[in-house]
1. Please identify the pairs in which a residue from region B:393-412 that is within 14 Å of chain A (Cβ to nearest Cβ) has its Cβ atom under 9 Å from the Cβ atom of a residue that is acidic (Asp, Glu), counting only partners at least 6 apart or on another chain.
2. How about region B:323-353: which of its residues are part of a helix (DSSP H, G or I) and more than 12 Å from the chain's Cα centre (by Cα)?
3. Taking region A:286-298 as the region of interest, how many residues are β-branched (Val, Ile, Thr) and either over 28 Å from A:Met254 (Cα atoms) or at pLDDT below 95 (or both)?
4. Filtering region B:341-363 down to residues that are closer than 20 Å to A:Tyr439 by Cα and out of contact with any Asp or Glu (no Cβ under 8 Å at 6 or more places or on another chain), which residue is nearest to the other protein chains (Cβ to nearest Cβ)?
5. Within the bounds of region B:63-71, is there any residue that is surrounded by fewer than 17 Cβ atoms within 10 Å (Cβ to Cβ) and under 30 Å from B:Ala218 (Cβ atoms)?
6. Can you name the number of the only condition in (1) of a type in the set (A, V, I, L, M, F, W, C); (2) modelled with pLDDT of 95 or more; (3) part of a loop (DSSP other than H, G, I, E, B) that B:Ile160 fails?
7. With region A:316-388 as the region, which helices (runs of 4 or more DSSP H) entirely inside it contain at least 1 residues that are touching a strand residue (DSSP E or B) at 6+ places or on another chain (Cβ under 8 Å) and of a type outside the set (A, V, I, L, M)?
8. Can you name every residue in region A:233-280 that is of a type in the set (Asp, Glu) and touching an Asp or Glu at 6+ places or on another chain (Cβ under 7 Å)?
Amino acid sequence: MKTSGMRMRVPVLFAGCLCVAGMAFGQTVPATDTAITHAKIFTLAGAPIEDGTVVIHDGKIAAVGEGVSIPAGAKVIDAKGLQVYPGLFDPITQMGLSEISAVRATVDTTETGSFNPDLVAATAVLPSSAHIPVARAAGITEVLAVPASGGFDSSRATNLIGGQASAIHLAGWTAPEMLIRKNAAMVMDWPQIETQSFDFSTFSRKEKPFSDAKKDYDKAVDQLANWIEASRHYAQVTAASGGIYDRDVKLEAMIPVVRGEMPVLVFADKARDIRNAVEFCQKQNLKMILAGGSEAWKVKDLLRSKSVPVILRPTLEYPREEDDAYDRLMTQPAELLAAGVKIAFGSFDNSFSRRLGQQAANAVAHGMAYDDALKAVTLYPAQILGLDGELGTLETGKIANLIVTDGDPLELTTEVRFLFIKGQLTPTDNKQKDLYEKYLHRPAATK
Amino acid sequence: MNRRRVSLGVTVIALLGLLAGASGVAREKEAKAGAAANPAPVLLIRHATILTVTHGTLENGDILVKDGKIVAVGSGLKAPADAQVIDASGQFVMPGIIDCHSHIAIDGDVNEGSVSVSSMVNIADVLNSDDPAIYRDLAGGVTAANILHGSANPIGGQTIVIKLRWGQPAAKLPFEGALPGIKFALGENPKHSNFGGFGLPERYPATRMGVEETIRGAFTEARDYKKSWDDYNKRVAAGEKNLIPPRRDLKLDPLVEVLEGKRYVHAHCYREDEILMLLRVAKEFGFRVQTLQHVLEGYKVADEIAAAGTGASTFSDWWAYKVEAYEAIPYNAALMTRRGVVVSVNSDDAAEAMHLNQEAAKSMRYGGLTHDEALKLVTLNPAIQLGVEKRVGSIEVGKDADLVIYNRDPLSAYAVVQKTLIDGRVYFDREKDLAGRAALEQEKKELLAKARKIAEKKADEKKAEGKKPEEKKPEEKAKPPQDRIDEGGAR
């Protein structure tokens, strides 16, 4: 049985000069060529390479394979006995936007109002968030920071249009340095027919007749349609008038959406809501990505036929309905894949981002192919967000976001030994490990 | 958890929910009640990898179960003539998982939050044997759980340990002989710091200082109360007649039981300062804190916790959801274990309880616990913390046959529970669960059709009477946005 007391020693050979000063600050070290040798490499673009080398140059993967030559002056990591994978990609988080979910002052996820397309997550990503290095320790190298996407205490999104999600690397001195794609997706919270609400002034649930709730729902959908139509009109007029028009920052932010250039990340869980959202996006010609999808299995054929990919909420959540099978959320990924639906796993959180691999492993235990599970936390999120040209596999020319582990990155006991972001060796030390070291060495308490 | 409450006012959907829910439960109950009426079968589990927890791992081992107890553990055991045999070739058997912090099987809310000391209320009075979470947690290998009141008060309600005997009535859930407990809570939740401002009335305490004084005040009263009873009983015993007994105080009775060591204190806490505070107060009044719950900064004062003989029941890797959880570390369980604290990993959540085996495994990665030490976090250690270690927590002759069979090493994210046994009876069987799904689906369809018909008929009747059909009743049950708070600021 593996315990961390039996770690394999991994020699790090310094063929070139390596400056590690920057690492102490949890940031990347200056660029240098790196070669990871003698590793089992899971490129996810073909069969694993048993004894392979990855060469990193200028932040990119310069070569992958057996018998790849090592550039002169490269730093060499002998990874014999270790395995190399693309870094994990968590496609729904509030990373950098929320530090302590119970403390409003530290939370910048959700604006007031319901139409906020001009908000951009990258604006409020805190590069020094303690969550970032903690997530790195779990092998996560990039995430989508998603505004208005809930989190630990409320898994619901809240704005109708919540703002723009930004894809970020989990390393960088500043938010701009972390950016992969600033305007990666527009967040839409599909309205629900809510007959119950929670009234904080009396701390009790309040009920509303169905017909009233339905009216509110229809109103919200109309509102969404009106905004989309206004945005489309605005796009046409600004184009025709050569940009001279009464400018409106909100409508302007919607232009890439109505042109189908920016996907819409639609939060919906119930089958009916998903159906309605798909129909709406079809009608409005929007490029839809479904987020949540607790009941996606009920509408899998629709999702396949309309090519709507799904970022699934955690498989380890509690099944939604009382009469759902206990393993409903764990069997769903395999079922969706078999139906031809593209899926990825998301944590929908910050502090549980490190459970991404665990979420995927539990789907494997319930019928998902292992290869798909690995891809559902690497390549598939990249594909869904249109970032697979740069990320998601270990192929020449892609950004060198990769991890070197002592085992299966989806397994609970696996350690990430080395982590590279944009080709830079980036530490996995973090606040939690520091506290561990500190209190591990606390002298025995005086009696 | 939101219980589905349906009035018989009757809408299509509401009626459906009622019928479907009732029938599923009824079916389960029928099956289980039948089994329960009979004596537990003689069972032989064969050819398994047996994780005994206390006596190492036995490859290709057998476990013989009789009258709900483990009667033999070894290799090549002979099956008695009347034995049912479970072939567990290639599978792993471990002791049933014990969840030291759970809020399942409770009817309604878990908090009586209106007062600072709510020791008069008792979770045992509101056990709900129909909560599907019982079945789902069984499917995650949980066989026993400490069912706690919420954390809204420095001294909360009385608690009870149950076995997850799904299908049995509520009266059969309590773990026989297990000492009852009482929930205490320190820090942000009892001082209501995270959910003020919603028109909630202000309530003492609002600081950690106030939390301490609330507890000291209550125990000062309890001590006097106990003395007045002791005096009274002494005088009665001495033969004095016509004495007026002290007035019963339902709030103080359970605190007297704490002082007498007849009721365990399970204290929700986070920060190092409040942990030490409670240990001091307990010392002052001469009782022991049985467990610190969550205790996310326990690693900072592990020596002090160990010296007090107090157990620690924590989360695997939760953090940052509030200020007092910001210095939580996943190494907590391992660090406290290394300093001699009896540590368990708990769920606090019906979904988390479905994979506590996985949560225990994380302590091998974070802090380097051994395989057996990690297993103990969800078996023997919580058994010790609940005072039931003579009955459960390891696979040993004489112990209750509360067992889980996995398809592989349970300390893996790929392990799936195949069977869960309590008292030698199979309460969860994955094969049966899978095989029964088609029939359940069919039943649900039929019920839907039936309910639709009833609703249509009613609508027609109303129309015939020339009345407007009744307004449709609510269909959805929305989660309150801050359900966690409602649950008791459970965390």
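1. From region B:393-412, the pairs are B:Ser412/A:Glu411.
2. Narrowing region B:323-353 to residues part of a helix (DSSP H, G or I): B:323-325, B:332-338, B:352-353.
B:Val323, B:Glu324, B:Ala325, B:Asn332, B:Ala333, B:Ala334, B:Leu335, B:Met336, B:Thr337, B:Arg338 - these are the residues of region B:323-353 that are part of a helix (DSSP H, G or I) and more than 12 Å from the chain's Cα centre (by Cα).
3. Number satisfying all stated conditions: 0.
4. B:Val341
5. No: region B:63-71 contains no residue that is surrounded by fewer than 17 Cβ atoms within 10 Å (Cβ to Cβ) and under 30 Å from B:Ala218 (Cβ atoms).
6. Tallying (1) of a type in the set (A, V, I, L, M, F, W, C); (2) modelled with pLDDT of 95 or more; (3) part of a loop (DSSP other than H, G, I, E, B), B:Ile160 fails exactly one: (3).
7. Details: elements: A:328-338, A:356-365, A:370-375, A:379-384.
Passing ranges, in order: A:328-338, A:356-365, A:379-384.
8. Residue satisfying the conditions is A:Asp269 alone.
The values are calculated or read from the model by the stated rules, or taken from the named source; none is laboratory data. None of the values given here were measured: they were computed from a predicted structure. Heads up, the Cβs are rebuilt from the backbone with ideal geometry, glycines too, and the neighbour counts pull from every protein chain shown.
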